[in-house]
Amino acid sequence: MSTLVFLLSLLALGSGAPGVKEVVESLKVDNGLGRGKWGSVDLCPSGSYVFAFEIKFEPAGHVDETAMNGIKMYCKDVTGTLTGYTISSEGVEGEWQGLRSCNKGEYLQSLRGNVMPEQGTFHDDLGMYNFQMNCSDGQTLDGLNDTYHPPAQEKNEIKREILTVDGREMEAIFLTTKITDDGVWSSWASCTGNNRICGHQSRVQTNSIADDAGLCDVIMFCCSF
Ligand SMILES: *[C@@H]1O[C@H](CO)[C@@H](O)[C@H](O)[C@H]1NC(C)=O
């Protein structure tokens with residue numbers, strides 16, 4: 001599914017929007033969830049690149065937790081002038097966590113996402129939990145900056161046992177609670193050479209009647225400079 005959407009986005013890129021010629025690569029996280037809808041391909045204005053980002057995050061304590069609900073990436077041009085931001089799509093829950101910015105003159109080149117595995121039918125799916133990006137000088141920026149730690153995931157396990165009561169066999173069902181692992185980091189995906197990240201597309205599940213997972217997957221684009 002994501003492969004198809006990815007091909008469609010490349011077609012969209014070929015259709016003549018400004019800045020199109022500079023996009024030379026796309027980066028994917030290898031653990032995205034196939035839920036929700038892809039937003040539009042959102043690129044920095046032509047000739048600019050991403051130097052900072054922030055994430056929208058809903059902390060634990062809600063009936064339907066969604067963790068990450070969006071990524072905003074800030075663009076500037078080679079003179080250092082802010083030229084805007086890319087957002088693609090955004091879930092309704094959570095708060096923006098504040099700008100994580102590279103040092104002056106540096107730019108963003110690589111990314112990885114922390115994803116909570118699918119929790120099954122009766123458990124709350126969170127989708128993407130955190131996001132990290134590396135700057136051209138090697139600095140790692142963290143979307144949450146250690147503000148929130150992933151909650152230990154509780155999972156109920158059903159155990160069945162046959163009991164004999166007054167000579168009659170009965171099935172007894174026990175619920176045991178097991179703490180499972182935290183989220184899993186994807187591999188790093190990186191622009192090659194001097195290419196710089198210059199836009200993104202995000203997949204978000206929000207406002208549905210079912211269990212929402214917030215931001216579930218992201219593709220980033222590299223431009224040549
Ligand atoms: C990003 O930085 C971390 C160290 O902060 C490093 O372990 C990782 O390999 C870097 N990733 C890339 C793609 O450079």
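Label separation (Val165 vs Asp142): 5.1 nm, computed from points 7 Å beyond Cα along the C-beta direction.
Listed peptides 30-39, 161-170 appear in the order 30-39, 161-170 once ranked by packing, highest mean of other Cβ atoms within 10 Å at the front. The amide H of Asn69, built 1.01 Å from its N in the peptide plane, has Lys56, Phe57, Glu58, Leu215 as neighbours under 5 Å, considering only residues 5 or more places off or on other chains. Taking 21 Å as the limit for the C-alpha separation, the pairs Lys56/Lys104; Lys28/Lys76; Lys28/Lys72 exceed it in the case of Lys56/Lys104; Lys28/Lys76.
Laboratory data are not the source of any read-out in this text; all were calculated from the coordinates shown. Since the model is a prediction, treat every value here as computed from it, not as a measurement. FYI the Cβ positions are ideal-geometry reconstructions off the backbone, even for glycines, and counts take in every protein chain you see.
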